[in-house]
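The structure appears right after this line, and notes come after that.
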Amino acid sequence: MTRIASVNVNGIRAAARKGMGEWLASREIDILALQEVRASPDILSKLVADFAEQAGAHHPQSQWHIHEHEAADKGRAGVAILSRQAPIETRTRIGEGHPEDDGRWIEADYELGDGSTLTVVSVYVHSGEVGTTRQENKMRFLQDMVDYLPQLAERSDHVLVLGDLNVGHTELDIKNWKGNVKNSGFLPEERAFFDTFFGDAGYVDVARSLAGEVDGPYTWWSYRGKAFDNDTGWRIDYHMATPALAEWAANPTVDRAADYSLRWSDHAPLVVDYKLPRSSNSAE
């Protein structure tokens, strides 16, 4: 099995201070997509090296290849992909390269054991705010995804889009959905894009397909009030896979902290195992 995880770290420096390294050392993850990194490449590299040391620096499975896309606006956004196996090609950006989209999309291609290619994406969709340019940027970015995802599926044998998409697709994805139908994150026009992602675009919502028609499991909880304690959350972090890849998925897990005090982000990692053909250089 290949274990693949995605998490919005809400600032990787803060996450590292609060215990992200301990979590990572315990989970035997092969590919990790990060969003809202909010750090320079040098700082990210140092923190990842610290994570490797926590896991045992002399063990080959503690080492990481790092592919990152820092936002031009320092201290905001930023996405990265960490992998045990070296990628054969990497790319950044989506759409026409609008500056407000900087640090929100990266891709890495990996050769699988059967000679096929797996393309992994880490994406951080804008949070949005109704009636503002932030919402306009979010809607344009989601349209860029609608336009691009079918092209990506045609180009690669398998595609896995990981990230904080900042939209709950259905009523099962938000605890208090009735109070959010006019708010960014659960607008009907936002959710319509997800109907397309998981419809005409041909992608599979991996966690939902495996969990079934149940509430959540949620991946984000506000720091305000008792949202975490009461599990008043949102499911806005996704694994979106092309169909053949989705057939290889198993064991979806939200690594929700055991207690509020143990949280190292307002999001929890979404971890899924995939029965991928393993490459001979997977432990490089």
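Every number here is computed from the coordinates shown, using simple stated rules; none is lab data. On a predicted model such as this, the values are computed, not experimentally measured, just so you know. Ideal geometry is used to build each Cβ from the backbone, glycine not excepted, and the neighbour counts take in all protein chains shown.
Summary table
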quantity	calculated
Backbone HN-Hα couplings from phi across the range 155-162 [Karplus 6.51/-1.76/1.60, Hz, Gly and Pro as x]	7, 10, 5, 9, 10, 10, 9, 10
Expected 222 nm ellipticity per residue - DSSP helices of 4 or more, -39500 (n - 2.57), all of the chain, to 500	-8000 deg cm²/dmol
Backbone HN-Hα couplings from phi across the range 182-188 [Karplus 6.51/-1.76/1.60, Hz, Gly and Pro as x]	10, 10, 4, x, 8, 5, x
FRET efficiency estimate (nearest 0.05) - Cβ-Cβ, R13 to K275, R0 35 angstrom	0.50
Share of alpha-carbon pairs per 5 Å distance bin for the range 152-278, given as whole %	2, 10, 20, 22, 20, 13, 8, 3, 1, 0
Mean separation of Cα contacts under 8 Å (6+ apart) over length of the chain, as relative contact order %	21 percent
Most mobile listed residue (V121, V37, V214) in the chain, GNM with C-alpha springs under 10 Å	V214
Cα→Cβ-extended label distance, 7 Å offset, between A257 and R93, nm	3.7 nm
For the chain, share of DSSP beta bridges that run antiparallel, in % to the nearest 5	75 percent
Positive-end residue, the chain charge dipole about Cα centroid, Cβ charges, pick of W220, Y110, G163	W220
Cα-projected label distance for V214 with K182, points at 7 Å along beta-carbon direction, nm	3.4 nm
J(HN,Hα) series, the range 79-93, from Karplus relation 6.51 cos²θ - 1.76 cosθ + 1.60, nearest Hz, glycine and proline x	10, 7, 10, 9, 8, 6, 8, 6, x, 8, 7, 9, 8, 10, 6
Ascending count of other beta-carbon atoms within 10 Å, so fewest first, for H67, H98, H267, H169	H98, H67, H169, H267
Charge dipole magnitude, Cβ of K and R +1, D and E -1 - the chain, Cα centre, debye nearest 20	860 debye
Around V167: net Lys/Arg minus Asp/Glu count, Cβ-Cβ under 9 Å	0
Cα-based shape type of the range 1-144, given that a ≥ b ≥ c are square roots of the gyration tensor eigenvalues and the cut on a/c is 1.5	oblate
Rg [Å, one decimal], Dmax [Å, integer] - the chain, C-alpha atoms	17.6, 52
Cβ-based exposure ranking for I94, I4, in which fewest neighbours within 10 Å come first	I94, I4
